[in-house]
């Protein structure tokens, strides 16, 4: 087994607001191996972006508060580091790709300089060497005419090309961990497919670990090795990509899978929806945070928070339904039917 | 492009919408023709910049068209119209916008937003009647009457889009143009809004032009689909035919890029690259199946059909 590069233990992050203390991240645990991709999925407000920003220590303090927890990167805890110490980690060992390539590039600076800036900051190289490396990077991320493009401004690039520049900047200092926060959400499907292929290729070549944040389950199925499903600031289900897509255990995961239409869906059927909306995290509900939206909720769900039950060696879910005394709830029909269809198709492929 | 039995509610004939200087125009919509039948949903898909939103906006008169003809219910939409005729047209056709944050006035309550059209059209002048109508609309979109007195910022994204839908329904239109109505929403909320649109269509016999780039949602909601690229419609046909038997290489490429929530098939995914072939003057629409048309020259379409 390859080595663990990141370990997050009981991370809790709060924000001070006029309305009160918002408990945005409420005890998150996960780890990441070298060369692995972990996808974090969830709705807006589930805490997925706060978690990823927290890894880079990008939470402004105040109003943010690191209430507890450890972020062990290669065995070293990042939480107590000062800003100065962190700036040696940021961009160098951990790099980030943001959602909107329009706003994450500097419009008044040529893209070449935006890349060399990172190289010169973190590596002891001359300006000429940095330029050579920047052009290499532009080639690597699939930008045609890199020498010419080096001297252009971001507005001269299309959306997909801009996102490639952002990736080139992120790769400039050979980071060990790449955090991508919805990197393809603002892009067209065809461009999205190209960017996903590019990220997979980079990972294959340099053994970079990737944390990929998204709400698109199709993208998760395409890129992830492991998946963490977040709800109301907590990870509610955690497992390999096959565990989550073919053997989901948490009713929230069922809801997410069911609400996505399938190309084979019968158009007369209504989509399964998750009723209601996520809870207010200034005052997180007692018990299971998902109980109010869960059609299978039991009395205990309103009283006591469920622990993480272990389903298999790799698969965990935080729901009382997995307690030995709980009634056995079968998968909702729509989800079960779809999974059966996928597995049947797979069996056919293998014949 | 005809379909027997159903009544045409909208006919687009060689629509052109150019922007910029007349000597070097940007041809956002470059001569497209299609029909929409009463009670159906036509999905319009394509990448950003292909002209799909411009098409929707031209149909509802947000732009003055450069050329062509738009006929709604037997009447030319862009013909010279008196104020009264315009009002009549506006009652029939309404629009739902993409961004539920930007399309609601932050200084108006939900009730004022929904009821604004009543003042313009002189409807429901009696206060009680008006309140009852607003309440009925709120309930139709899954909100309740208490919501009428709240401002836009007090609602979540999904609820705001519901207000946008209630506003579009306020004048009992026949035809609704929905321009990416769910792109800004979360997956679970997207499903709620799509279900609502379907249910309203059934109850009120609405006709939709559904503009989107999320192909799996479009497949789910549409009866027919038109695929647009660089200002032209490349292929149009029944949703199942477009997805299962695409003919145009651009449609194939677009379909091959949709990620599915099935990790094992994703591991095998082969994306089809699209290389655009410039076509000459002879290019036109060729019938390749029942209600299924493809744009191209006769020779090209023949090769595509052979490779189907």
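The values are calculated or read from the model by the stated rules, or taken from the named source; none is laboratory data. Computed from a predicted structure; not experimentally measured. Positions of Cβ are generated from backbone atoms using ideal geometry, with glycine treated the same way; all protein chains shown enter the neighbour counts.
Listed values, structure above:
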quantity	calculated
Those residues of segment B:166-177 which are surrounded by 17 or more Cβ atoms within 10 Å (Cβ to Cβ) and either free of Cβ contacts under 8 Å to residues at least 12 places away in the same chain or out of contact with any helix residue (DSSP H, G or I) (no Cβ under 7 Å at 6 or more places or on another chain) (or both), in sequence order	B:168
Residues (over 24 Å from residue B:14 (Cα atoms) and assigned to a loop (DSSP other than H, G, I, E, B)) located in segment B:67-96	B:82
Counted residues, segment B:30-50 - those being in a loop (DSSP other than H, G, I, E, B) and under 13 Å from the mean Cα position of the chain (by Cα)	2
Selection within segment A:309-330 - within 16 Å of residue A:243 (Cβ to Cβ) and in a loop (DSSP other than H, G, I, E, B)	A:311, A:312, A:313, A:314, A:315, A:318, A:319
Number of positions in segment A:205-252 that are away from chain B (no Cβ under 14 Å) and at positive phi	2
Flag if residue A:180 is under 30 Å from residue B:185 (Cβ atoms) and away from chain B (no Cβ under 14 Å)	yes
Strands (runs of 3 or more DSSP E) completely within segment A:2-46 that count 2 or more residues being under 18 Å from residue A:58 (Cβ atoms) and over 14 Å from the mean Cα position of the chain (by Cα)	A:4-17, A:20-33
Single match in A:185, A:208 (criterion: touching a strand residue (DSSP E or B) at 6+ places or on another chain (Cβ under 9 Å) and at pLDDT below 85)	A:185
Helices (runs of 4 or more DSSP H) lying entirely in segment B:97-190 (those with 1 or more residues that are within 30 Å of residue A:257 (Cα to Cα))	B:127-140, B:157-169
Any hit, segment A:142-165, residues being at pLDDT 90 or above and within 25 Å of residue A:211 (Cα to Cα)	yes
Search result, residues across segment B:250-272 that are away from every other protein chain (no Cβ under 11 Å) and in contact with a helix residue (DSSP H, G or I) (Cβ under 7 Å, 6 or more places away or on another chain)	B:251
Positions within segment B:51-81 being touching a residue at least 60 places away in the same chain (Cβ under 8 Å) and in contact with a helix residue (DSSP H, G or I) (Cβ under 8 Å, 6 or more places away or on another chain), in sequence order	B:70, B:72, B:73
Test: residue in segment A:105-116 that is at pLDDT below 95 and within 19 Å of residue A:201 (Cβ to Cβ)	yes
Selected residue [within 14 Å of chain A (Cβ to nearest Cβ), within 19 Å of residue B:29 (Cα to Cα), in contact with a strand residue (DSSP E or B) (Cβ under 8 Å, 6 or more places away or on another chain) and not in a strand (DSSP E or B)] from B:58, B:53	B:53
Residue that is surrounded by the most Cβ atoms within 10 Å (Cβ to Cβ), among those in segment B:179-206 that are away from chain A (no Cβ under 14 Å) and over 20 Å from residue A:185 (Cα atoms)	B:206
Leading residue by the ranking (surrounded by the fewest Cβ atoms within 10 Å (Cβ to Cβ)) among those in segment A:76-107 that are assigned to a loop (DSSP other than H, G, I, E, B) and without any contact (Cβ under 8 Å) to a residue 12 or more places away in the chain	A:82
Answer from A:276, A:255 - the residue that is over 18 Å from the mean Cα position of the chain (by Cα), assigned to a helix (DSSP H, G or I) and within 14 Å of another protein chain (Cβ to nearest Cβ)	A:255
Counted residues, segment B:265-295 - those being closer than 30 Å to residue A:200 by Cα, in contact (Cβ under 8 Å) with a residue 24 or more places away in the chain and surrounded by 16 or more Cβ atoms within 10 Å (Cβ to Cβ)	1
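Residue-wise test of (1) more than 26 Å from residue B:205 (Cα to Cα); (2) surrounded by 19 or more Cβ atoms within 10 Å (Cβ to Cβ).
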{"residue": "B:35", "(1), (2)": "no, yes"}
{"residue": "B:38", "(1), (2)": "no, no"}
{"residue": "B:44", "(1), (2)": "no, yes"}
{"residue": "B:68", "(1), (2)": "yes, no"}
{"residue": "B:72", "(1), (2)": "no, yes"}
{"residue": "B:83", "(1), (2)": "yes, no"}
{"residue": "B:105", "(1), (2)": "yes, no"}
{"residue": "B:108", "(1), (2)": "yes, no"}
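Residue-by-condition table, conditions (1) under 26 Å from residue B:144 (Cα atoms); (2) modelled with pLDDT of 90 or more:
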| position | (1), (2) |
| --- | --- |
| A:277 | yes, no |
| A:280 | yes, no |
| A:286 | no, no |
| A:289 | yes, yes |
| A:293 | yes, no |
| A:301 | no, yes |
| A:305 | no, yes |
| A:310 | no, yes |
| A:316 | no, yes |
